[in-house]
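Take a look at the following structure, please.
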Amino acid sequence: MHAVSSSFKRAFKNRIAGRKRLEEKFWKRVEIFRDDPHDARLRTHKLSSDLQEYWSFSVEHDVRVVFQFAAKNRAVFQDIGSHDEVY
């Protein structure tokens, strides 16, 4: 299960919404994430430095979702965008 922060909603609206192919890919990745957040297709990894409390997974080559594990079976999506936008 996952939730989204208000900052994620804004980022999704500004960077992803309306880009049909990218939106479809995002929702497919979310389904994979729900089944297994560490599925190899997502390239999930822990972030470091100022973002050390966060994790990231890939939607496509240069689109990432930044999230936090909030509980054993729950994650909160915090940001989405290109590498330069989210890091």
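The values are calculated or read from the model by the stated rules, or taken from the named source; none is laboratory data. Only a predicted model underlies this, so the values are computations on that prediction, with no experimental measurement involved. Note: ideal-geometry Cβ built from the backbone for every residue, glycine included; neighbour counts use all protein chains shown.
Please specify each residue of segment 1-56 satisfying the condition of being farther than 16 Å from Gly81 by Cβ and polar (S, T, N, Q).
Matches in segment 1-56: Thr44, Ser48, Ser49, Gln52.
While we're on this one: Look at segment 36-85 and say how many of its residues are outside any loop (DSSP other than H, G, I, E, B), without any contact (Cβ under 8 Å) to a residue 60 or more places away in the chain and either under 20 Å from Lys9 (Cα atoms) or of a type in the set (Val, Ile, Thr) (or both). Walk me through it before giving the result.
Quick first cut of segment 36-85, residues outside any loop (DSSP other than H, G, I, E, B) only: 40-42, 45-46, 49-51, 55-60, 63-71, 74-81, 83-85.
Of the ones still in play, those that are also without any contact (Cβ under 8 Å) to a residue 60 or more places away in the chain are 40-42, 45-46, 49-51, 55-60, 63-66, 68-69, 71, 83-84.
Narrowing further to those that are either under 20 Å from Lys9 (Cα atoms) or of a type in the set (Val, Ile, Thr) (or both): 51, 55-60, 63-66, 68-69, 83-84.
Number of matching residues: 15.
Moving on to the next point. Out of segment 5-64, which residues are aliphatic (A, V, I, L, M) and in contact with a His (Cβ under 9 Å, 6 or more places away or on another chain)? Before you say what the answer is, go through the steps one by one.
Let us first name the residues in segment 5-64 that are aliphatic (A, V, I, L, M), namely 11, 16-17, 22, 30, 32, 40, 42, 47, 51, 59, 63.
Answer for segment 5-64, where residues must be aliphatic (A, V, I, L, M) and in contact with a His (Cβ under 9 Å, 6 or more places away or on another chain): Val30, Val63.
Taking the condition of being under 18 Å from Gly81 (Cβ atoms) and either polar (S, T, N, Q) or touching a strand residue (DSSP E or B) at 6+ places or on another chain (Cβ under 6 Å) (or both), how many residues in segment 60-69 meet it?
Narrowing segment 60-69 to residues under 18 Å from Gly81 (Cβ atoms): 60-68.
This time we only want the ones that are either polar (S, T, N, Q) or touching a strand residue (DSSP E or B) at 6+ places or on another chain (Cβ under 6 Å) (or both), so: 64-68.
Of the residues in that region, 5 qualify.
Which of (1) assigned to a helix (DSSP H, G or I); (2) among the small types (Gly, Ala, Ser); (3) on the phi > 0 side of the Ramachandran plot is the odd one out, the single condition Gly18 does not satisfy?
Going through (1) assigned to a helix (DSSP H, G or I); (2) among the small types (Gly, Ala, Ser); (3) on the phi > 0 side of the Ramachandran plot one by one, Gly18 breaks only (1).
Something else now. Out of Phe57, Phe67, report the one residue that is farther than 14 Å from Val4 by Cα, within 12 Å of the chain's Cα centre (by Cα) and of a type in the set (Phe, Trp, Tyr).
Working: Phe67 fails: farther than 14 Å from Val4 by Cα.
Result of the check over Phe57, Phe67: Phe57.
Another question about this same structure. Which numbered condition in (1) surrounded by 12 or more Cβ atoms within 10 Å (Cβ to Cβ); (2) outside any helix (DSSP H, G or I) is the only one that Ser7 fails?
Ser7 satisfies all of (1) surrounded by 12 or more Cβ atoms within 10 Å (Cβ to Cβ); (2) outside any helix (DSSP H, G or I) except (2).
Can I ask one more? Tyr87 - would you say it is at pLDDT below 95 and surrounded by 15 or more Cβ atoms within 10 Å (Cβ to Cβ)?
Working: at pLDDT below 95: yes; surrounded by 15 or more Cβ atoms within 10 Å (Cβ to Cβ): yes.
Criteria met by Tyr87.
Still on this structure: Enumerate the pairs (first residue in segment 1-18 and within 26 Å of Asn73 (Cα to Cα) and modelled with pLDDT under 95; second residue anywhere and exposed (fewer than 12 other Cβ atoms within 10 Å of the Cβ) and polar (S, T, N, Q)) with beta-carbon separation below 8 Å, excluding pairs fewer than 6 apart on the same chain, so at least 6 apart or on different chains.
These pairs meet every condition: Met1/Asn73.
Which residue is nearest to Ala75 (Cα to Cα), if the candidates are limited to segment 19-35 and must be among the hydrophobic types (A, V, I, L, M, F, W, C) and without any contact (Cβ under 8 Å) to a residue 40 or more places away in the chain?
Of all residues in segment 19-35, those among the hydrophobic types (A, V, I, L, M, F, W, C) come to 22, 26-27, 30, 32-33.
Going one step further and asking which of them are without any contact (Cβ under 8 Å) to a residue 40 or more places away in the chain, we end up with 27, 30, 32.
Values: Trp27: 15, Val30: 11, Ile32: 13 Å.
Among those residues, the one meeting the criterion is Val30.
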